[in-house]
Amino acid sequence: MAIGRPVDLGYTGPMKDSPDVSTQLKTIAQALDYCSHALGNSDVVFGHGTDNPWDEAVQLVLSVAGEPLDSDETVLPRCLAPATASRILALLDRRINEHIPLPYLLGRAWFAGLELHCDSRAIIPRSPIAELILKSFQPWYAGPEPRRVLDLCCGGGCIGLAAAHYFPHLQVDLADLDPQALALAAENTRLLDLEARVTRYQSDLFSALPQARYDLILSNPPYVDSADLAAMPAEYHHEPGLALGSGADGLVLTRQILARARHFLAPEGLLVLEVGNSWEALEQAYPQVPFTWLEFEQGGHGVFALTAKELQDYSASLGG
């Protein structure tokens, strides 16, 4: 977030349990102070676009106030209408008491610098693959300028749509088994004005896709193992379970992707796949496969890359 927390934002009223709090939150600064304290004193869990109370307060207050999220400190003294303050408090109450992730409450999320529609039809965009897109897939992709990309298990479409947005000559296919997720992806495609270059497929992985050869296959499939899924905080249970869990070791879908991806990649193509905390299980399952684990400056882990040649060379280990 662009606004760093000042030492004193000017709110000195009660932090909770006051029927007239909304009348006391007269400026953006006061609302930020109130919300950040309330979130910090609660048992909410962060991880859907923010990782601390202050950044979450900034996203909540500026979004409801209609201010850009990259606003600087000059917005702090701006006045809030009573209706705006009431709306902020209503969403804050649901965030704390119902543990609903903030992007679902706001109806929007941000990915790779893009604003997208967001609701419970798909998981909330948060993949570190965003950083790879913004860096033009370098240094990992060594083929010719990419012309066709597949976003496999696309959910609301954030990965594939970001690729299409930043690469104006790219044709992108979005594939997902869930028709509700694809409906959200369609909304986001229209939002970004990308209908001419984006095609959607309801497909169980590769099963209903055309016999195409992709320069890049980008995938953030379900990868949470059963133990992690059972232990997930309440916030994550608002997301569709179909988009999270993938068997006892989290690798049911990853195994299928690894077995078939080479049949859909161009000769110099690249598979980029996120497995999160299941990366150790993946290495144990395929000890001979030379996974390249990507490092990200903005945080994130458990994303690997394999070239089309590597997928072919190790096809005996990968199956398919």
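Key figures for this structure:
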| read-out | value |
| --- | --- |
| Within the accessible area of the chain (1.4 Å probe), percent carbon and sulfur | 51 percent |
| Local electrostatic count at residue 182 - Lys and Arg +1, Asp and Glu -1, tallied over other residues with Cβ under 12 Å | -3 |
| Stretch gain in nm, segment residue 208-residue 93, where the contour uses 0.36 nm per residue and the Cα spacing is subtracted | 37.1 nm |
| For segment 145-178 versus segment 53-127, the gap between their alpha-carbon centres in whole angstrom | 26 Å |
| Projected label distance in nm at residue 134 and residue 313, using a 7 Å step from Cα toward the beta-carbon | 3.2 nm |
| For segment 259-287 versus segment 183-205, the gap between their alpha-carbon centres in whole angstrom | 24 Å |
| Net length gained if the chain between residue 292 and residue 232 were fully extended (0.36 nm per residue, minus Cα distance) | 18.8 nm |
| Share of pairwise Cα separations in segment 196-258, more than 14 Å, in percent | 66 percent |
| Neighbourhood net charge (13 Å Cβ-Cβ; Lys/Arg +1, Asp/Glu -1) for residue 112 | -1 |
| Binned Cα-Cα distance frequencies in segment 126-265 - 10 Å width, integer % | 12, 41, 36, 11, 0 |
| Surrounding net charge for residue 172, when Lys and Arg each add one and Asp and Glu each subtract one, Cβ distance under 9 Å | 0 |
| CD proxy at 222 nm, helix term only [per DSSP H run n ≥ 4: -39500 (n - 2.57); per residue of the chain; nearest 500] | -9500 deg cm²/dmol |
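The values are calculated or read from the model by the stated rules, or taken from the named source; none is laboratory data. This is a predicted model, so every value here is computed, not measured. Backbone-built Cβ (ideal geometry, glycine too); neighbour counts: all protein chains shown. Accessible surface is based on the protein model in full, side chains and every heavy atom, while ligands, DNA and RNA are left aside. Shrake-Rupley method; radii C 1.70, N 1.55, O 1.52, S 1.80 Å.
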